[in-house]
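What follows is one structure encoded as structure tokens, with my remarks underneath.
The values are calculated or read from the model by the stated rules, or taken from the named source; none is laboratory data. None of these values were measured; they are calculated from a predicted model. All Cβ positions, even for glycine, are placed from backbone atoms using ideal geometry, and neighbour counts span all protein chains on display. Accessible surface areas use protein heavy atoms only, side chains included; no ligands, DNA or RNA. Shrake-Rupley method; radii C 1.70, N 1.55, O 1.52, S 1.80 Å.
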Amino acid sequence: MAPRETRPSATYSVSKTDQSRLQEQLHRIGGVDLPPGPYEGWRVKLSVGASQAVAILYKSGKLVISGHTPAYDQVTGLVEAVGKKVPPKHQPASQTASPVEAPPEDEPHIGTDEAGKGDFFGPLVTAGVYVDEKAAKLLRTLGVRDSKTVADRELRLLASNIRDVVEDEKRAVLVLAPKRYNELYQQMRSEGKNLNTLLAWTHTRVIEDLIQHGLHPKFILSDQFGDKRYIENRLLIDTRLSGTPVIQMHRAEADVAVAAASILARDAFLRWLDQAGKALGLTVPKGASPKVIEAGKLLVSRMGADGLKDYAKVSFKTMNSVLAG
């Protein structure tokens, strides 16, 4: 038997007249239908020995194949006979795709969001929350909404309430402390990658943490921070094979799961700043304001520029102002 190797996802354009016939051909070689997700016409999974491949036809006519050989090769052989391969796009999807409408928030799904991305001091925190219809309604009743519209004192209370009503295995929080953030950012920049790559890495970690608890979301939703393939390509192969759609959209915090994730992420960020402030004997300011620069200069005078790496994202342009003079 051919070795089982993972293949990168491939996209094809399939004409309307060929779509049903292609689905039938996949059935003939042993493919089985899976429930289609939002914006999908159908999806078929083929298993060959220990290998699996999934073909997902979107209502737009685009067909995406992912999986392992030899199943992947069998599916690709049928698709290439009727479809035209779509070359990878290099520009962000947000520049070319039409606006996306989120599916209903009471469907079982995972929402992810991050905090600290634009703050010089403190960690990058990413959180994920799984909700179903019951949890979505309960969170709305509690007043859960986008963390950017909530004052810090109320946010801490909302975060506590979320932890009370959402079970441990249905929420995940990843705190990337400044020291580790600086190491990863430098590594990714040396590889020609950018902040979106680092963000995608944190989002996929919380998604996988939740899915490994046996959760089965109908879709995964996050705010638009770049091409959604940043996330899709970093999901583990088993998650990609499950066919769970990854949806990115602007103002995703309008969704209750994303809003809950934004609150948990912000709460963890604030708690980290509090702890750092106690250790340093000062109030660690948020954002990148003149107060931040002043605090940065004070800490550099105490511990040197290298010591600041434990508390701040030194790749920020703010660092230039901190070191100036």
>> Among the numbered criteria (1) out of contact with any helix residue (DSSP H, G or I) (no Cβ under 6 Å at 6 or more places or on another chain); (2) surrounded by fewer than 21 Cβ atoms within 10 Å (Cβ to Cβ); (3) closer than 26 Å to P104 by Cβ; (4) of a type outside the set (D, E), which one does W42 miss?
In response: (1)
> (1) farther than 23 Å from I110 by Cα; (2) hydroxyl-bearing (S, T, Y); (3) open to solvent by 30 Å² or more (accessible area, probe 1.4 Å): which one isn't true of S51, the others all being true?
Replying inline: (3)
>> Restricting to the range 158-187, count the residues that are part of a helix (DSSP H, G or I), surrounded by 15 or more Cβ atoms within 10 Å (Cβ to Cβ) and not charged (D, E, K, R).
In response: 10
> What is the residue count in the range 299-325 for residues that are crowded, with 18+ Cβ neighbours inside 10 Å and either over 31 Å from the mean Cα position of the chain (by Cα) or assigned to a helix (DSSP H, G or I) (or both)?
Replying inline: 5
>> Tell me whether the range 21-37 contains one or more residues that are surrounded by 17 or more Cβ atoms within 10 Å (Cβ to Cβ) and basic (K, R).
In response: no
> Which members of the range 117-157 meet the condition of being in a helix (DSSP H, G or I), among the acidic types (D, E) and more than 20 Å from A288 (Cβ to Cβ)?
Replying inline: E133, E154
> Which is more than 18 Å from A265 (Cα to Cα) and either open to solvent by less than 20 Å² (accessible area, probe 1.4 Å) or among the aliphatic types (A, V, I, L, M) (or both), of L138, L155, L142, L124?
Replying inline: L138
>> So, in the range 241-271, exactly how many residues are assigned to a strand (DSSP E or B) and touching a residue at least 60 places away in the same chain (Cβ under 8 Å)?
In response: 3
> Of the residues that sit in the range 280-294 and are within 32 Å of the chain's Cα centre (by Cα) and not in a loop (DSSP other than H, G, I, E, B), which one is surrounded by the most Cβ atoms within 10 Å (Cβ to Cβ)?
Replying inline: V292
